[in-house]
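Below is one structure, written out as C-alpha cells; comments come after it.
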Amino acid sequence: MGVRQRVIDYSRGDGLRWFWLFYRLRKAAKSRLFRDIFTFFMSRSAHRHGGYIGPDTVFQGIPSLPHGLHGVFISRYAVIGKDCRIYQNVTIGEVNGKAPVIGDGCLIGAGAVIVGDIRLGDRVRIGAGTVVSADVAEGSTVVAQPPRVIERKETAWENPLSRAEPGSSWTEAI
C-alpha cells in the first residue's frame, strides 16, 4: 500500500493496519503474557475504530471492511472465511457460546445480524438489515422480508396551515 492510500485510510479512520498486526501477533504468541498484551492492544484498536472483534475470532483471510470497523461486532467464537466483505453495523453474534461459521467469498450487507450455531456456505450474500438465524446454502442470497403494515389507525390528520385565513400570517394558525 502506497503512502497516499495510507494517508487516505488514516484520515477516514479506516487504517486498520495496527489492528491486523496485533491480531497476527496474538495468534502467534506462545506466552500467555504476550497474548494478553496483544489482546489489549487489539481490543483498543478495534474500540478506537468503533467496533469489536473477539480475541478468539478465527479469520481465514483478512476480510474487506469498506467502512472500517464502524459498528461491527464479531463474536469471539465466530469463524470468518477468506475474501469476505463486511459492511458497517454488522453483528455476528453467539448464542450459548456458539457462533456462525461464515464461508469464503461472502458479502454481509450493512446492519445485518447473523446469530447462533449456523453455517453460511461459500459465496453467500446477506442483504442489508437481514437477520439470519438458520443455515444458508452455498451461493444463496438472503434479504429481509418486505415491509408490511401491522396496524393502521384511521385518524384524520389536519394540516395546521389549513386553518389560516387568507391574508393572515401562517404562524398565527399554529
Check your understanding: Between Leu21 and Ser133, what is the spin-label point distance in nm, taking each point 7 Å from the Cα along the Cα→C-beta axis?
Key -> 4.2
Revision key, fill the gap. Per principal axis, largest first, the Cα atoms of the stretch 12-156 extend in Å by 66, 37, 30
Study note, to complete from the structure: Placing +1 on each Lys and Arg Cβ and -1 on each Asp and Glu Cβ in the stretch 52-147, then taking the dipole about the Cα centre, the residue among Val90, Ala137, Ile102 whose Cα reaches farthest towards the positive end is Val90
Exercise for review: Pull out the extension gain between Ala29 and Val143, defined as 0.36 nm times the separation in residues minus the alpha carbon to alpha carbon distance; nm, one decimal.
Suggested key: 37.0 nm
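Each reported figure results from applying straightforward, stated rules to the coordinates on display, with no laboratory input. This one's a predicted model, so the numbers in the text were calculated from it and none came from an experiment. Because the Cβ atoms are built from the backbone with ideal geometry, glycine has one as well, and the counts that use them run over all protein chains shown.
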